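A short worksheet on the structure shown next.
Only the coordinates and a few stated rules stand behind these numbers; no lab work does. Since we're looking at a predicted model, the values are computed, not measured. Cβ placement follows ideal geometry from the backbone for every residue including glycine, while neighbour counts extend to all protein chains displayed.
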């Protein structure tokens, strides 16, 4: 190796044919031998063509070729980057043992990165290629509330993700007039009109460079205004009637309470002590004495009636007769006394009259 400059083989200059020639001697002419000499090295400058493979779903993708430089000539293997452990154990995860990768009809599940590895006895190098499976949009509709308004939201899942939306009604006789429609990313929003009170079926279509989605639909019950809904009117009428009945009952109770308070304000208290002190008796209120049975009264004297006589107040034992109207009993006794005196005076007048002589 000391014969080479720097003691290092040059990959380009030193790869050549070398000949060894002998000189002529007495035995015969000179001879020579040629050998091919090459500098070995690990693979390098690996490339894949194309770098990105775009294919529509269910179509066969283009062939991918992997190449690299190296000596000895590199060998190749293809693997999927996201291969599972179980798959790797079953077949080593190797999809191809050549420099070209051939894939079947592309399904969405096949999309992703694939790795090409170039290797020889001195080393290995690898690179990746992206398989992009494109497909038409798939959509779905849901109903939600945004800022107090009922809104239909059409969401699309597609590749490429750049989509546009179209809204229609299932019944050809209807048309979208008052509805407000706007889009944000892969979603389209349709605000339902409060003026529509009929049952409707809304259709949403999503479109991208691959194609148009199948119609996704949503049935919407008409949002009736409350005064057009018979059930709401009945409930409102029942509620109003209940409130009216409660108000009438409260008014009656208040009137009764006011009458009772007014009656109490007109009639003074009728307890026995206050009435005896004030000289007045209540009509309904019990006095100090009541239900007094008069007994043991003296016979009226043979005297003319004298207004100046004082009243005779009756009395009774509380334990025998209970509480009595004291003043009332006294008045009754006085009236009875007056009648007795008047009757006695009448008898005297009849006795002293001339007709009796």
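For the reader, a short list of remarks on this structure follows.
- Distance-filtered residues of segment 32-59 - backbone nitrogen under 12 Å, label point 7 angstrom along residue 20 Cα→Cβ: 32-36
- The eigenvalues of the Cα gyration tensor, multiplied by 5 and square-rooted, give segment 227-266 an equivalent ellipsoid with semi-axes of 38, 5, 4 Å from largest to smallest.
- Extending 7 Å from Cα along the Cβ direction at residue 10 and again at residue 143 yields two label points whose distance is 8.3 nm.
- Distance from the Cα centroid of segment 137-212 to that of segment 241-260 is 56 Å (rounded to whole angstrom).
- Förster radius 45 Å - calculated FRET efficiency between residue 41 and residue 157 (Cβ-Cβ, nearest 0.05): 0.40
- Based on C-alpha pairs under 8 angstrom that are at least 6 apart in sequence, segment 139-226 has a relative contact order of 32 percent.
- Considering segment 90-212, its Cα convex hull presents a mean projected area of 12.5 nm².
- The share of alpha-carbon pairs in segment 42-134 lying farther apart than 22 Å comes to 28%.
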